[in-house]
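Comments concern the structure below.
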Amino acid sequence: MFKNALVYRIVQWEPPTQAEIERRLEAARFAACAPSQPEAAGWVEPRGEKHGALLESVGGQLILQLCSESKPVPSGVVKQQLEALLDRIEADTGRRPKGKAKRELKEQVVHELLPRAFPKRSATWVWLDLEARLVLVGATATKKTDAVLTRLVELFGALRLEPLQTALSPATAMAAWLSEKEAPRGFGIDRECELKQPDSEKAAVRYARHTLEIDEVGEHIKQGKLPTQLALTWNGRVSFVLTEGLALKRIKLLDVVLEGAGQGDADAGFDADVAIMTGELRGLLPDLIEALGGVLEKQPAA
């Protein structure tokens, strides 16, 4: 369900009534792009059932799914048609449009090509853990996560979220783990990492399918390189890649977790998937936060 994730803290939470939430969800239900519309987004049924519920609660965990659709027009086609249009105008008037006039003609070309563009869709999972006061967004790209957060605020009204920040930066903590060749309690260091020099040259060293318990890694860190991502396993149950921005990438539940899963009807399967994924991450996240020195509490202004 979550292959990648960014974690946010719920700083303020004043939920509207259930009826109001349902009304807002229905008003923001996903609808495909119109012929001349470049992109669209809206909430879809997490269970995949047409005209079903847009908000699911499984074991007290709230699950949403945002669907986004875009109609990219190939830049090469736009350039070709724009040049042909400029040639025609120059032949008719003796002048070739430039600057603002050229930009407006380009927008016209894109608008005319949109009805023939093939739409692309993507879905983003959202999990609200009200007890832990955390929200997980199943994406790491800034544009995608910002779009999800904006719609969450529209949906829940007085909801204020902040990116999860820890007392130790992930880069500092990962550097210590690698230098000391010792993972924090409950975690194991896997066979992949990236180290990067934090200067203008951005010199980088990447290890893939390679043991990291070697002096060479520590030497890179002594020379000033910092880990930007590191593959970890939590309690032999979940593997993931931790980034310097505290994103979790390539989340994978291991076989010991998945034994016995996938049986029963589709409806029970959805509930089981949610229960398993949220259950594992509810165990992983507190341990990861502890390994990073705990949540960074902002000091009140003087």
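The values are calculated or read from the model by the stated rules, or taken from the named source; none is laboratory data. All figures in this text were calculated on a predicted structure; none of them were measured in a lab. Note that we place each Cβ from the backbone using ideal geometry, even for glycine, and neighbour counts take in every protein chain shown. In case anyone asks, the SASA skips ligands and DNA or RNA and just uses the protein heavy atoms, side chains included. Shrake-Rupley method; radii C 1.70, N 1.55, O 1.52, S 1.80 Å.
Relative to one another, the C-alpha centroids of the range 148-205 and the range 69-120 are positioned 42 Å apart. Net length available on complete extension from Val153 to Asp215 is 17.5 nm, with 0.36 nm assigned per residue and the Cα-Cα distance removed.
Springs between Cα atoms under 10 Å define the GNM used for the chain, and in it the highest mean-square fluctuation of Glu219, Glu154, Glu69 occurs at Glu219. Expressed in Å, the radius of gyration and Dmax of the Cα atoms of the range 130-239 are 17.3, 52.
Calculated [222 nm] ellipticity per residue, helices only, for the chain: -11500 deg cm²/dmol; basis is -39500 (n - 2.57) per DSSP H run with n ≥ 4, divided by all residues, nearest 500. In terms of distances greater than 32 angstrom between alpha carbons, the cross-link table entries Lys79/Lys249; Lys100/Lys249; Lys50/Lys252 yield Lys79/Lys249; Lys100/Lys249.
Compute the accessible area per residue over the range 176-290, keeping the other protein chains in place, probe 1.4 Å, unit Å². Could you put the intermediate results ahead of the total?
Working: 6210 Å² over 115 residues.
On a per-residue basis, the range 176-290 sits at 54 Å².
May I ask which residue of Thr142, Ala53, Val109 lies farthest towards the positive end of the charge dipole of the range 28-158, with charges of +1 (Lys, Arg) and -1 (Asp, Glu) on Cβ and the Cα centre as origin? Sorting the options by dipole projection puts first Val109. Within the straight-line cut-off of under 19 Å between alpha carbons, the lysines reachable from Lys202 are Lys222, Lys225, sequence neighbours fewer than 8 places apart in one chain being disregarded. Residues in the range 31-43 carry Karplus couplings, in order, of 9, 4, 4, 5, x, 9, 9, x, 7, 8, 8, x, 7 Hz; the curve used is 6.51 cos²θ - 1.76 cosθ + 1.60 with θ = phi - 60°, and Gly or Pro positions show x.
Work out how much length Ala32 to Glu83 would gain on full extension: take 0.36 nm times their residue separation and subtract the Cα-Cα distance, in nm to one decimal.
15.3 nm
Counting heavy atoms of the protein chains alone, Ile221 has an accessible area of about 30 Å² for a 1.4 Å probe.
For the chain, the fraction of 1.4 Å probe accessible surface lying on carbon and sulfur atoms is 50 percent.
Comparing Val205, Val135, Val238 in a Gaussian network model of the chain (Cα springs below 10 Å), the most mobile by mean-square fluctuation is Val205.
Stretching the chain fully between Lys181 and Val295 yields a gain of 38.6 nm (0.36 nm per residue, less the alpha carbon separation). Note on Ser239/Val205: beta-carbon distance plugged into 1/(1 + (r/R0)^6) with R0 of 25 Å gives a FRET efficiency of 0.70. Scan the chain and report its longest stretch carrying no trypsin sites (Lys or Arg not before Pro) that are both in a DSSP loop and have at most 10 other Cβ atoms within 10 Å. Value returned for the longest uninterrupted segment is 210-297. Partners of Lys181 within straight-line reach, counting aspartates and glutamates whose Cα lies under 17 Å from its Cα and excluding those fewer than 8 residues away in the same chain: Asp190, Glu192, Glu194, Glu213, Asp215, Glu216, Glu219.
Considering every pair of different Cα atoms, what Kirkwood radius, in Å, is found for the chain?
Working: mean 1/r = 0.0442 Å⁻¹.
Hydrodynamic radius (Kirkwood, Cα pairs) of the chain is 22.6 Å.
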